[in-house]
1. Pick out, in residue order, every one of the GluC sites (Glu not before Pro) in the range 99-174 that is DSSP loop and has at most 16 other C-beta atoms within 10 Å; say none if there are none.
2. Which order do LYS123, LYS118 take by accessible area at a 1.4 Å probe, largest first?
3. SER94 to ARG161: FRET efficiency via 1/(1 + (r/R0)^6), r the Cβ-Cβ distance, R0 22 Å, to the nearest 0.05?
4. In the range 113-189, which chymotrypsin sites (Phe, Trp or Tyr not before Pro) fall in coil by DSSP and have 12 or fewer other Cβ atoms within 10 Å?
5. Near the amide H of PHE25, under 5 Å away, which other amide H atoms are found, from residues 5 or more places off or on another chain, if H is placed in the peptide plane?
6. If you place +1 on the Cβ of every Lys and Arg, -1 on the Cβ of every Asp and Glu, and leave all else neutral, what size is the dipole of the chain about its Cα centre, to the nearest 20 Debye?
7. Taking 0.36 nm per intervening residue step and subtracting the Cα-Cα distance, what contour gain separates ARG59 from TRP35 on full extension?
8. Which of the trypsin sites (Lys or Arg not before Pro) found in the range 1-65 are loop residues per DSSP with 14 or fewer other Cβ atoms within 10 Å of their Cβ?
Amino acid sequence: VRTLTYYVGTSLDGFIAAPDGSYDFYPVDEELVQWFVAEYPEVLPTHVRAALGVTGEGRRFDTVVMGRGTYAPALKAGITSPYAHLRQLVVSRSLERSPDPAVELVREAPLERVRALKREEGKGIYLAGGGELAGALLPEVDTLVLKLYPVVAGAGIPLFRAGFSPTHFSLVDSRTFRSGMVALTYARR
Ligand SMILES: NC(=O)c1ccc[n+]([C@@H]2O[C@H](COP(=O)([O-])OP(=O)(O)OC[C@H]3O[C@@H](n4cnc5c(N)ncnc54)[C@H](OP(=O)(O)O)[C@@H]3O)[C@@H](O)[C@H]2O)c1
């Protein structure tokens, strides 16, 4: 069965971006970049892969699901297919048609769409975010990979936007980096 993995960078206080959507306040150093490339090459956007010379297919994911808020910065920059190496789905009620033939637009019931995707054959599904979509998809999140950066943001876009719904996970892996970032992998209990 295919799994849904929310792989995301977060502050210590659970914010994935600043109030304006930026996230360049996370300290990312060369050691981290090397880890991203080695472990999660398919999670890097196509233009980043090109800049870093990454061609690896990656072993985990062949599909990405993202909210319109996460897709928007790419779109604004004229990039309509930000993960061209993956099958891409964008969830949005406001977009009327997909800006790119390589991007499937999901206009309603993302939870049902993800359940259907999981029944298909393939590698894992990468949930790119953001917090609103992650909140909607929480019942189907199998794995959480949190890149916990040693910074308190104070405000911003939350990791999950959902109603109160305690959902338990077990820690299955952790790795500490020199920068103080800790990569935590959790499996749904
Ligand atoms: N730190 C990280 O690793 C990381 C990762 C990903 C994203 N981010 C940041 O997070 C921010 C985006 O997060 P966000 O929470 O604001 O937005 P988001 O979850 O990416 O997108 C929200 C939009 O997705 C659509 N959507 C979400 N749930 C839906 C549902 N149940 N049914 C239909 N449509 C639904 C709606 O689009 P419409 O308004 O078009 O209807 C909604 O406005 C960005 O600033 C991004 O840079 C950070």
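1. GLU108, GLU120, GLU121
2. Details: LYS123 60, LYS118 25 Å².
Most to least solvent-accessible, the answer reads LYS123, LYS118.
3. After rounding, the FRET efficiency stands at 0.85.
4. Numbers: sites: TYR126, PHE160, PHE164, PHE169, PHE177, TYR186; in loops: PHE160, PHE164, PHE177.
Counting only loop positions with at most 12 other Cβ atoms within 10 Å, the chymotrypsin sites (Phe, Trp or Tyr not before Pro) in the range 113-189 are PHE164.
5. none
6. Result for the chain is approximately 420 debye, rounded to the nearest 20.
7. Difference between extended and current length: 7.2 nm.
8. ARG59
The values are calculated or read from the model by the stated rules, or taken from the named source; none is laboratory data. If you're wondering where the values come from, they're calculated on a predicted model, not measured in any experiment. Every residue, glycine as well, gets a Cβ built from its backbone with ideal geometry; the counts of neighbours run over all protein chains shown. Please note that ligands, DNA and RNA were not included when accessible areas were found on the heavy atoms of the full protein model with its side chains. Shrake-Rupley method; radii C 1.70, N 1.55, O 1.52, S 1.80 Å.
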